[in-house]
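Engineer: Quick one: this structure, given as C-alpha cells, is what I'll be asking you about.
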Amino acid sequence: MSNIPQRWHEENQWYFVTVVTFGRDPWLREEKNANLLMQCFREERKIHPFRVDALTILPDHWHCILRPLSGHLGKVIGSVKKRMWHQRREHEPKLGEI
C-alpha cells in the first residue's frame, strides 16, 4: 500500500473531490457564503477551464465531481480555495491570516 500516490492525476478524467473548511467551521451553512463559493467556481472556470458535473455544499465542507479541461486537478482546486479565501476575507475582515 505504501506505493499508492497521495494525489493521483490523469489527463481528461473526472474526479470526486471533498474540501473541508478550516477547523470544520460551518460557515457554508449561510446562503450568502454558499453563493460566494459557487461564484468562485464560475470565476475560476474562466482562468483554469474545468467542468463540474455536481456540487454539494454542506455547512463545513463541499463535494464536487469535476474534470479539469486543461492543467492539473490540484491547480483547479487550489485556485477555487484561494479565491474563496480572498472573497471571504473581503466580507469578513476579522478573519485575519491563517
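Engineer: Let me confirm something: among Ile57, Ile65, which residue is within 11 Å of Tyr15 (Cβ to Cβ), surrounded by fewer than 18 Cβ atoms within 10 Å (Cβ to Cβ), of a type outside the set (Asp, Glu) and modelled with pLDDT of 95 or more?
Structural biologist: Being within 11 Å of Tyr15 (Cβ to Cβ), surrounded by fewer than 18 Cβ atoms within 10 Å (Cβ to Cβ), of a type outside the set (Asp, Glu) and modelled with pLDDT of 95 or more holds for just one of Ile57, Ile65, which is Ile65.
Engineer: Can you pull out every residue in region 18-49 that is in a strand (DSSP E or B) and either modelled with pLDDT under 95 or over 12 Å from Val80 (Cβ atoms) (or both)?
Structural biologist: Thr18, Val20
Engineer: If you scan region 47-67, which residues turn out to be more than 20 Å from Arg29 (Cα to Cα) and without any contact (Cβ under 8 Å) to a residue 40 or more places away in the chain?
Structural biologist: Ile47, His48, Pro49, Phe50, Arg51, Val52, Asp53 - these are the residues of region 47-67 that are more than 20 Å from Arg29 (Cα to Cα) and without any contact (Cβ under 8 Å) to a residue 40 or more places away in the chain.
The values are calculated or read from the model by the stated rules, or taken from the named source; none is laboratory data. Treat the numbers as computed from the prediction; the structure is a model and nothing was measured. Neighbour counts run over all protein chains shown; Cβ positions are idealised from the backbone, glycine included.
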